[in-house]
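Chemist: The structure's right below; bear with me while I get my questions together.
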Amino acid sequence: MDTPPLSGSDSDSDDSLVTDRELQDAFSQGLLKPGLNVVLEGPKKAVNDVSGLKQCLAEFKRDLEWVERLDVTLGPVPEVSGPQSTPQNKDQKTVDPEDDFQREMSFYRQAQAAVLAVLPRLHQLKVPTKRPSDYFAEMAKSDQQMQKIRQKLQAKQAAMEKSEKAKQLRALRKYGKKVQTEVLQKRQREKTHMMNAIKKYQKGFSDKLDFLEGDQKPVARRTNEGAKGQQMKKGPSAKRRYKNQKFGFGGKKKGSKWNTRESYDDVSSFRAKTAHGKGLKRPGKKGSNKRPGKRTREKMKSRTH
């Protein structure tokens, strides 16, 4: 019988078995050492090829003037924070390389020292150190890129203006609502004031009709002035005068209409015509609307028939 072909997984397992057997045989023969089977290279030896370095230096070295090179080697400029310099300011090696601030400050002071040393030398060589006013330099970005940036800025500005206008409209709406509310409250106050003035006039507490005028502002002003004037006056108010007229001024009420000797003897107000019914009669009052009797009414009916 033909044996079926082995699958991929079976072939891989056989290869791995063969490989393991070979490794075991090599280990038993002493060909393998314990540990990873990696060939370790020895440390590289440093070679100081002086002649080769000089040859490379001669290839790219050029004898140029200092103006073309502009190279200086200086230490950092000393700090002027205090009168006495600390050892850290004297020695550059004391700067901690792990401290970002000290490291950047050392770079800054070294660049400052280089500028202070080179500027006078450039002035002596009559080399300009400032850009002229009519200096023209090509921009690093293209016109298309700048056009895109300009459009983006314009769109951003338009959006900001639109947002600002929306804020202003919202503020105006709020202000309009506030004004409308104030107008309605003012009308309600004026209406309440007029109703109070009408009630006072109806009850007789006031005899002024200023509240009937169209403009309410002077009315309110005059009423306020009148109220202040009434407060300043020493006499009784209109309400007090009305009650005094209706109910009297206080004191004893019982027996106030009794006659006394003086009132009995006083006949100055006596009128004979009025007392005996001989006073003036109003014409058309007596007998004008008197209904005729029954006989007279019957005669009048018979005449009509």
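The values are calculated or read from the model by the stated rules, or taken from the named source; none is laboratory data. Source: prediction; values computed, not measured. Here the Cβ positions follow ideal geometry from the backbone for every residue, glycine too, while neighbour counts run over all protein chains shown. Note: areas computed on protein heavy atoms with side chains; ligands, DNA, RNA excluded. Shrake-Rupley method; radii C 1.70, N 1.55, O 1.52, S 1.80 Å.
Chemist: What is the local net charge at residue 105, summed over the other residues whose Cβ is closer than 10 Å to its Cβ (Lys, Arg +1; Asp, Glu -1)?
Modeler: Result for the local shell: -2.
Chemist: So, one more: List, in order, the whole-Hz ³J(HN,Hα) value for each residue of the stretch 178-190 obtained from phi through the Karplus relation with A = 6.51, B = -1.76, C = 1.60 and θ = phi - 60°; use x for Gly and Pro.
Modeler: Couplings: 5, 5, 4, 5, 5, 5, 5, 5, 5, 5, 5, 5, 5 Hz.
Chemist: If you place +1 on the Cβ of every Lys and Arg, -1 on the Cβ of every Asp and Glu, and leave all else neutral, what size is the dipole of the stretch 149-211 about its Cα centre, to the nearest 20 Debye?
Modeler: Computed about the Cα centre, the dipole is about 440 debye.
Chemist: Further, regarding this structure: Over the stretch 149-211, what percent of the accessible surface lies on carbon and sulfur atoms, probe 1.4 Å?
Modeler: Here carbon and sulfur together make up 56 percent of the probe-accessible area.
Chemist: Just the number please: accessible area per residue for the stretch 149-211, 1.4 Å probe, all protein chains included, in Å².
Modeler: I get 94 Å² per residue for this part.
Chemist: Among 49-56, 262-269, 21-28, how do they line up from the highest to the lowest mean number of other beta-carbon atoms within 10 Å?
Modeler: Those peptides, ordered most packed to least, come out 21-28, 49-56, 262-269.
Chemist: Something else now. Using the Kirkwood radius over Cα pairs, work out the Stokes-Einstein diffusion coefficient for the stretch 118-204 at 4 °C and 1.567 mPa s, in µm²/s as a whole number.
Modeler: So the translational diffusion coefficient is about 61 µm²/s.
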